[in-house]
1. Could you point to the label whose value was computed as volume of the Cα convex hull per residue in Å³ for the structure here, given (1) 115; (2) 139; (3) 171?
2. Can you pull a Stokes-Einstein diffusion coefficient for region 43-107 at 10 °C (1.306 mPa s), Rh from Kirkwood over Cα pairs, as a whole number of µm²/s?
3. R0 = 25 Å: FRET efficiency of Arg19 with Cys134, Cβ-based, nearest 0.05?
4. Find the centroid of the Cα atoms in region 14-44 and in region 75-141, then give the distance between the two in whole Å.
5. Rank by packing, highest mean first: peptides 61-71, 44-54, with packing defined as the count of other Cβ atoms within 10 Å averaged across residues.
6. Taking every eigenvalue of the Cα gyration tensor of region 91-131, multiplying by 5 and rooting it, what semi-axes result, largest first, whole Å?
7. As a check on your grasp of the helix formula, calculate [θ] at 222 nm for the chain: sum -39500 (n - 2.57) over DSSP H runs of n ≥ 4, divide by the residue count, round to the nearest 500.
8. Nearest 10 degrees, 0 to 90: what angle lies between the long axis of helix 2-26 and the longest principal axis of the chain (Cα atoms)?
Amino acid sequence: SRLLDNDDKLNEEELQAERALKEKEDNETITAFFWNQNSIDQWCPYNETINNKLERRYQKIKNNTNGGRFHVNINSGGRKYQISVNPSNMHQKNCGTKGTRKVQRIVAKRKDLEWTCTACTYHNTGGKINCFTCGNPRKGN
């Protein structure tokens, strides 16, 4: 019985440590870039690798060490894109079609940008109030 009590105490301590870590991660301030999928007015996040490149370029622009470059070139899905992170004119250009999309940079707490829908379990990003998949409202808003 005493062994069981110690195990229960250890499990409770582990759970508390996990909760504290999750809360710390949720409240961490992050910077994220998003592109607008015009047809459905959905802001979509760039992956971590691209996001890091965009943030490095953005910081160089802010510090005036960008050498006149305001964009980052990327390849995605077999297409070439030029993404401008000039604070006065952020956009993404498809180098093949010449089409453009809006880009935005958001600095926020992780929990404000990412959430899982309680109805369909879709992992939403971009700070949307309603679920992208099922339209269910975000809980807590």
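Every number in this text was worked out from the coordinates using simple rules, so none of it is lab data. These numbers were taken from a predicted model, which means no experiment stands behind them. Virtual Cβ from ideal backbone geometry, glycine too; neighbours counted across all protein chains shown.
1. For volume of the Cα convex hull per residue in Å³, the calculated option is (3).
2. Here the translational diffusion coefficient equals 131 µm²/s.
3. My answer for the efficiency is 0.35.
4. 12
5. The most tightly packed comes first, giving 44-54, 61-71.
6. The equivalent ellipsoid of region 91-131 has semi-axes of 28, 14, 7 Å.
7. -10000 deg cm²/dmol
8. So the helix axis and the longest Cα principal axis differ by about 20 degrees.
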